[in-house]
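Okay, structure first, notes after.
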Amino acid sequence: VNVVGNSLPPMFIFPRVHFKDRMLFGGPAGCIGAANASGWSNEETFLKFLDHFLGSVKCSKEDRVLLILDNHETHLSVQAVEKASAAGVVMLTFPPHTSHKLQPLDISVYSPLKTYYNQAVESWLYNNKGKTFDIYAVAEAVGLAYPRAFTPQTILSGFRKGGIYPLDTEIFTDDDFLSAYVTDRVSGSQPTGRTESVEEN
């Protein structure tokens, strides 16, 4: 999504070893897909997304764009950074533990998307009695939910609530991020995998 309320056709990552085009049946126009046994993104799928991004966003070394991401390690491979830089994409990552407060998709878009997706699944089940809602029906349900959730108003709301655009450096206080401090570790420390017991005298 961007700060004028537009959205990029989504990329699906299916929990399968091999991707099949029919997994995208009924999906949002222009969507693409990939498969990964875990169902999660990896460096290879992010590079595919980056190609998708570059095919949709017109940028160059002279007319650069800013791509804001969470700081997941798959976004930070040398190959991805080099590809983005060569195309005129400046990649900026959110600080750790802050995407729930800063990421426009998390703040405003995903909640209605989940609601509309669930409604689409319920409608599918009602209209296909006796059939199983499987992986080949997912994109179609998203195709119905996506345009309802990814509206310019909802997208712009996410950027505004996150203080990204218009820029608002005072939108959050230190207290807003207190819960994230629980998982912070001193640089170089490693979890021991065990808990220490404390004896009282």
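The values are calculated or read from the model by the stated rules, or taken from the named source; none is laboratory data. Keep in mind that this is a model prediction, so the values were computed, not measured. Note that each Cβ is placed from the backbone with ideal geometry, even for glycine, and that neighbours are counted across all protein chains shown. Each accessible area value is taken on the protein alone, full model and side chains, heavy atoms only, with ligands, DNA and RNA left out. Shrake-Rupley method; radii C 1.70, N 1.55, O 1.52, S 1.80 Å.
In this structure, residue 92 does not satisfy being assigned to a helix (DSSP H, G or I) and either in contact (Cβ under 8 Å) with a residue 24 or more places away in the chain or open to solvent by 40 Å² or more (accessible area, probe 1.4 Å) (or both).
Take the residues of the range 105-139 that are in a loop (DSSP other than H, G, I, E, B) and among the β-branched types (Val, Ile, Thr): which is nearest to residue 7 (Cα to Cα)? Per the criteria, the residue is 135.
Screening 185, 148 for residues that are of a type in the set (D, E, K, R), exposed (fewer than 10 other Cβ atoms within 10 Å of the Cβ) and either in contact with a Pro (Cβ under 8 Å, 6 or more places away or on another chain) or modelled with pLDDT of 95 or more (or both) leaves exactly one candidate, 185.
Here is a yes/no grid of residues against (1) part of a helix (DSSP H, G or I); (2) open to solvent by 40 Å² or more (accessible area, probe 1.4 Å):
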{"position": "18", "(1), (2)": "no, yes"}
{"position": "22", "(1), (2)": "yes, yes"}
{"position": "29", "(1), (2)": "no, yes"}
{"position": "38", "(1), (2)": "no, yes"}
{"position": "45", "(1), (2)": "yes, no"}
{"position": "50", "(1), (2)": "yes, no"}
{"position": "58", "(1), (2)": "no, yes"}
{"position": "68", "(1), (2)": "no, yes"}
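In the range 75-82, the condition of being within 14 Å of the chain's Cα centre (by Cα), buried (at least 16 other Cβ atoms within 10 Å of the Cβ) and assigned to a helix (DSSP H, G or I) is met by at least one residue. For the range 151-178, the set of residues classified as in a loop (DSSP other than H, G, I, E, B) and either crowded, with 16+ Cβ neighbours inside 10 Å or in contact with a Gly (Cβ under 6 Å, 6 or more places away or on another chain) (or both) consists of 162, 164, 171, listed by residue number. Search the range 95-139 for residues being of a type in the set (Ser, Thr, Tyr) and over 20 Å from residue 161 (Cβ atoms), and hand back the single one that is most open to solvent (accessible area, probe 1.4 Å). The extreme case among them is 126. Within the range 116-129, residues that are closer than 17 Å to residue 147 by Cα have Cβ atoms under 6 Å from residues that are open to solvent by 80 Å² or more (accessible area, probe 1.4 Å) in these pairs: 116/148; 120/144, counting only partners at least 6 apart in sequence or on another chain.
Annotation: residue 54 fulfils all but one of (1) at pLDDT 95 or above; (2) not in a helix (DSSP H, G or I); the unmet one is (2). For residue 63, the conditions (1) in a loop (DSSP other than H, G, I, E, B); (2) under 15 Å from residue 6 (Cα atoms) all hold with the exception of (2).
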